[in-house]
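Working notes for the structure below.
The values are calculated or read from the model by the stated rules, or taken from the named source; none is laboratory data. Computed from a prediction, not measured in an experiment: that's the story for all the values here. Cβ coordinates were reconstructed from backbone atoms using ideal geometry, including for glycine residues, and neighbour counts include every protein chain displayed. Only protein heavy atoms, including side chains, enter the accessible area calculation; ligands, DNA and RNA are left aside. Shrake-Rupley method; radii C 1.70, N 1.55, O 1.52, S 1.80 Å.
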Amino acid sequence: MKRALITGITGQDGLYLAELLAAKGYEIFGLIRGQDNPKYDLVRATVPGITLLKSDLTDISSLVRALNRAQPHEVYNLGAISFVPYSWENPVLTTDVTAKGVMNLLEAIRMWAGNDLSRVRFYQASSSEMFGEVREVPQNESTLLWPRSPYGVAKVFGHHLTINYRESYGLHASSGILFNHESPRRGPEFVTRKVTQAVARIALGQQKLLTLGNLEARRDWGFAGDFVQAMWLMLQQDEAQDFVVATGVAHSVRDLLDVAFDEVGIDDWESHVRQDDRYLRPAEVHHLIGDARKARDTLGWQPTVTFDELIRMMVQADLKEQRVLSLV
Ligand code: G4F
């Protein structure tokens, strides 16, 4: 039986990946932070049989202990401080977790695996935020990185370190440059879920206004359930490499509003939406769109859910959730 260790198990991607690996018969170990993590029960309920180990990306000794316990064949580093605006408020913590955490985990792997690094494969969750002020359109694996936030800078560090450990030590280490990926499990601080949750509440008469930042920003939004497939496929290749994972189609926040409000039968969303400069970022990433040809050709990976289907799925999930919440 293959064993996988996942950091960031409580997040959207951690849950989808754990479900995927469980369906493939893996024994799964998830690293969970803190004394009384409120997501402990959610993870146990979503992935029955998972072993949760107390560990923290900022504490290398806890990582070595977790590796010793799990003896993993595959390590997926999905743990990060991932909300971009937060990274301006807490740049030091973001660097400690999102950048230095990768160093801690890679060094912990070397300490645990000793001379036999071939026993383990490593996946690093890199991000399209690394492209920032984009140097070419669409972005591929060779596009120059120009990050625009402390988060993006931290991800660049983790990305290059992953490549460096592959080149220095021969570790099977792959970096997935994932464009925005969403689902009903997305946190409500991210724009897709913020919109779909508010649209559901507006449709049910529980909320009147939705306040947003930059409506012109464009993103290549895909479905998180599709994207975790690509992570797994990367670790099944003979050769470790880096891959852009994206749908190749970009939409604006306005397009997102069009689809989400349409799903509840509202066409005149302008009267429900306010733009507020409070939500603008010190440096914006205006337009991301990925070229995932390498993932398609090498991994055989393709997205299965369109932007329209994704947003409608999220609105429906939020309607369901809000109806249940209104009964309690
Ligand atoms: O949903 P977002 O907060 O996602 P962002 O910043 O693109 O980052 C996400 O995707 C990255 C992959 O490229 C990940 F690495 C990262 O961890 C995260 O998952 O914002 C998307 C866009 C931005 O341009 C933002 O300015 O939406 C714009 N936006 C407009 N109004 C808003 C809002 N974003 C948020 N969060 N809230 C708003 O009210």
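Annotations for the structure displayed:
- Overall shape of region 76-123 was characterised from the C-alpha gyration tensor. The equivalent ellipsoid obtained from it has semi-axes of 28, 10, 5 Å, in decreasing order.
- Built amide H within the under 5 Å cut-off of residue 32, gap 5+: 53, 54, 55
- Taking only the Cα atoms of region 184-274, the radius of gyration and Dmax are 16.5, 54 Å.
- If the Kirkwood radius is taken over C-alpha pairs of region 229-328, then at 25 °C and 0.890 mPa s the Stokes-Einstein diffusion coefficient equals 145 µm²/s.
- Computed in the context of the full set of protein chains, the accessible area of the chain at 1.4 Å probe radius has 49% of its extent on carbon or sulfur.
- Mean separation of Cα contacts under 8 Å, 6 or more apart, over the residue count of region 154-251: relative contact order %: 38 percent
- Full-extension gain in nm, residue 296 to residue 274, via 0.36 nm per residue minus C-alpha separation: 4.0 nm
- Over all distinct Cα-Cα pairs of the chain, the Kirkwood formula returns a hydrodynamic radius of 20.3 Å.
- Close amide H pairs (under 5 Å, H built 1.01 Å from N) link residue 218 with 287, 288, residues at least 5 positions away or on another chain.
- Note on the chain: lysine pairs with Cα distance below 16 Å, sequence gap of 8 or more or different chains, count 5.
- Relative contact order (%) - the chain, alpha-carbon pairs under 8 angstrom, separation at least six: 17 percent
- Counting only alpha carbon atoms, the long axis of helix 12-23 and the longest principal axis of the chain meet at about 60°.
- Cα long-axis angle, helix 100-113 against the chain (0 to 90 degrees, to the nearest 10): 30 degrees
- Spin-label zone in region 169-207 - amide nitrogen under 18 Å from a point set 7 Å from the Cα of residue 252 along the C-beta vector: 191-192, 195
- A 1.4 Å probe run over the protein chains yields, for the chain, 44 Å² of accessible area per residue, whole-number rounding.
- Per the Debye calculation on region 1-108 with a single equal scatterer at every Cα and no solvent contribution, log₁₀ I(q)/I(0) for q = 0.12, 0.15, 0.20 Å⁻¹ amounts to -0.38, -0.60, -1.03.
- In degrees, nearest ten, helix 60-70 long axis to first principal axis of the chain (Cα): 80 degrees
- Region 10-119: relative contact order in percent, alpha carbon pairs under 8 Å with at least 6 residues between: 24 percent
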